[in-house]
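Here's the structure we're looking at; comments come further down.
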């Protein structure tokens with residue numbers, strides 16, 4: 001019987017085991033998906049028109065690749081070395097796209113780079129203490145930039161962010 005994952009990184013290393021080992025076809029990038037349900041919910045239009053974006057918890061990189069194909073310079077960040085390796089293998093030939101293996105708070109603390117959009121589909125915003133994470137996100141947002149996540153969160157108000165959008169979606173403005 002396999003050993004249960006002991007750390008968050010080990011858990012995400014085992015995410016989507018149906019993918020298996022060895023070469024695998026990369027997924028289509030025709031639609032930016034905020035949920036696991038095809039065609040459900042809004043798309044990348046929620047991010048506006050960023051020049052530079054950061055995907056927190058990018059996993060295999062499908063949403064990051066979707067934006068990169070449209071000319072956005074994207075950094076995909078993930079805690080799982082397995083997910084980052086898969087993303088790098090799938091999207092190695094795509095311009096405007098990099099993947100970084102790191103813990104989100106450590107990355108945001110260690111970089112001076114700013115982003116026009118910071119978003120999380122399944123990643124760090126769901127699994128990181130918002131009291132720690134949201135101020136770090138705010139510090140990395142360029143003026144007039146936005147941060148989006150499909151999970152409404154009260155701590156946005158405590159970081160000076162204001163809600164916008166509809167249906168429980170939240171945006172944070174650095175200005």
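In region 23-45, the residues that are surrounded by fewer than 12 Cβ atoms within 10 Å (Cβ to Cβ) form Cβ pairs under 9 Å with partners that are modelled with pLDDT of 80 or more and part of a loop (DSSP other than H, G, I, E, B), at six or more places apart or across chains, as follows: 38/31; 39/31; 39/33; 40/33; 40/34; 45/32.
The rows are residues; the columns are (1) within 16 Å of the chain's Cα centre (by Cα); (2) modelled with pLDDT under 95.
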| site | (1), (2) |
| --- | --- |
| 100 | yes, no |
| 109 | no, no |
| 114 | yes, no |
| 120 | yes, yes |
| 125 | yes, yes |
| 129 | yes, yes |
| 144 | no, yes |
| 171 | yes, yes |
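Taking region 104-139 as the range and being touching a helix residue (DSSP H, G or I) at 6+ places or on another chain (Cβ under 8 Å) and assigned to a loop (DSSP other than H, G, I, E, B) as the test, the residues that pass are 111, 113, 114, 120, 121, 123, 128.
Residue-wise test of (1) touching a residue at least 60 places away in the same chain (Cβ under 8 Å); (2) under 22 Å from residue 132 (Cβ atoms).
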| position | (1), (2) |
| --- | --- |
| 70 | no, no |
| 78 | yes, yes |
| 88 | no, no |
| 105 | no, yes |
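Look through 4, 59 and report the one residue that is on the phi > 0 side of the Ramachandran plot and either modelled with pLDDT of 90 or more or assigned to a loop (DSSP other than H, G, I, E, B) (or both). The match here is 59. The set of residues from region 62-88 being assigned to a helix (DSSP H, G or I), closer than 22 Å to residue 7 by Cβ and out of contact with any strand residue (DSSP E or B) (no Cβ under 7 Å at 6 or more places or on another chain) comprises 82, 83, 85, 86. Return the residue satisfying two criteria in turn: it lies in region 62-90 and is more than 20 Å from residue 141 (Cα to Cα) and crowded, with 24+ Cβ neighbours inside 10 Å, and of such residues it is modelled with the highest pLDDT. In this case the residue turns out to be 65.
The values are calculated or read from the model by the stated rules, or taken from the named source; none is laboratory data. Computed from a predicted model, the values in this text were never measured in an experiment. When we count neighbours, we look across all protein chains shown, and the Cβ atoms used for this are built from the backbone with ideal geometry, even at glycine.
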